[in-house]
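The values are calculated or read from the model by the stated rules, or taken from the named source; none is laboratory data. None of the values given here were measured: they were computed from a predicted structure. Cβ sites come from the backbone with ideal geometry, for glycine too, and all protein chains shown count toward neighbours. The protein model used for the area step is the full one, side chains on, heavy atoms only, and it has no ligands, DNA or RNA in it. Shrake-Rupley method; radii C 1.70, N 1.55, O 1.52, S 1.80 Å.
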Amino acid sequence: VDVEDVLDVNERLLKKIFKEICDFDVQLPIQRMTWREAMDRFGSDKPDLRISLIVQDATDVLADCGFGPFAGNKVKAVVAENFTGTRKQIDKLCADVEVVSGQKAYYFRLDENGELVGGIAKFVQEHKEAVVKALGLKNGDFVALAAGDLKTAQKTAGVIRKAIGNSFDGYMKKECYEFCWIVDFPMYEIGEESGELEFCHNPFSMPQGGAEALDTMNPLDILAYQYDLVCNGVELSSGAVRNHDPEIMIKAFKLVGLGEDDVKAKFPAMYNAFCYGAPPHAGIAPGVDRMV
């Protein structure tokens, strides 16, 4: 069993369930996007695709604009066209984003006369032409911004995107289900608290490229055979091709500082079973509670 087998069976199952229960036609095949694309475009690995807004990179045009929080950081922007929100609503939006993400949101507007107003507009003024071109701005657009290292900026922008879509009319489709598969998750990441190499998603997944990838690649470049099913911003399920080879498992754990004895001690049942030989296997199990 491989990735394609699992995705195919579950797509047909979902189509049947949503037709019988909700009389909704799920269009197959369900679209797929890589984890990296999801983070770049939507600031989330479980994006709500009912929301039309996307995350854009504004680092090149704003990192050196003189605004302190942008200096030396990645800057991400969410552009809302024909925005009609009031100052009070914008303040609430920024406050809500900070509560959810722990990070500040910034903003400016391009008013109906093409003038930069509000928020950090004075810092953007000298770079107006480049910013308008880079972000494709038009009169009446509202630009919300996030800054930090890449992951922080992406995630904060994802919270901004969701907050605008949920709080203001015109940016979210109603009464529908938007599905997607998120694939090609990174096998490893640098832990936010530890600063050390850690498993990103599921330590028991098979790395793409197997043992050779673990031996020869930068760990942060290794992808895993992992996939999530997402609907309307809700993760219905996570699945993977399992790492069924004890030798590859030992290599995978060694990269995060756990030796063979550690693996045997922490996961004895799995390790011992796999030593008898196991076929390649993969799966996923959508949660009924999550679908409800």
Please indicate, with yes or no, whether at least one residue in the stretch 264-279 is within 25 Å of Lys46 (Cβ to Cβ), open to solvent by 60 Å² or more (accessible area, probe 1.4 Å) and either in contact with a Gly (Cβ under 9 Å, 6 or more places away or on another chain) or in contact (Cβ under 8 Å) with a residue 12 or more places away in the chain (or both). no
Suppose we filter the stretch 198-227 for residues that are surrounded by fewer than 16 Cβ atoms within 10 Å (Cβ to Cβ), under 20 Å from Lys151 (Cβ atoms) and hydrophobic (A, V, I, L, M, F, W, C); how many remain? 1
First in the stretch 33-44 and more than 16 Å from Asp221 (Cβ to Cβ) and open to solvent by 10 Å² or more (accessible area, probe 1.4 Å), second anywhere and assigned to a helix (DSSP H, G or I) and basic (Lys, Arg), Cβ under 7 Å, 6 or more apart: Phe42/Arg161
Go through the stretch 1-32 residue by residue and tally those that are surrounded by fewer than 17 Cβ atoms within 10 Å (Cβ to Cβ), of a type in the set (Lys, Arg) and touching a Leu at 6+ places or on another chain (Cβ under 9 Å). 2
Looking at the stretch 168-184, which of its residues are under 17 Å from Gln27 (Cα atoms), part of a loop (DSSP other than H, G, I, E, B) and open to solvent by less than 50 Å² (accessible area, probe 1.4 Å)? Cys176, Glu178
For a quick check of your reading of the model, give me the residue pairs whose first member lies in the stretch 62-86 and is under 14 Å from Ala146 (Cβ atoms) and of a type in the set (Val, Ile, Thr), whose second is in a loop (DSSP other than H, G, I, E, B) and modelled with pLDDT under 95, with beta-carbon atoms closer than 6 Å and at least 6 apart or on different chains. Val75/Ala63
Restricting to the stretch 89-113, what's the tally of residues that are in a helix (DSSP H, G or I), of a type in the set (A, V, I, L, M) and over 13 Å from Leu145 (Cβ atoms)? 3
Please state which of the following conditions Phe179 fails to meet, knowing it meets all the rest: (1) touching a Cys at 6+ places or on another chain (Cβ under 8 Å); (2) farther than 30 Å from Ile21 by Cα. (2)
Failed item in (1) crowded, with 22+ Cβ neighbours inside 10 Å; (2) closer than 21 Å to Ala95 by Cα; (3) not acidic (Asp, Glu), with Thr152 passing the rest: (1)
Gly195 passes all but one of the listed conditions (1) among the small types (Gly, Ala, Ser); (2) open to solvent by 10 Å² or more (accessible area, probe 1.4 Å); (3) in contact with a strand residue (DSSP E or B) (Cβ under 7 Å, 6 or more places away or on another chain); (4) more than 25 Å from Gly118 (Cα to Cα); the exception is number (3)
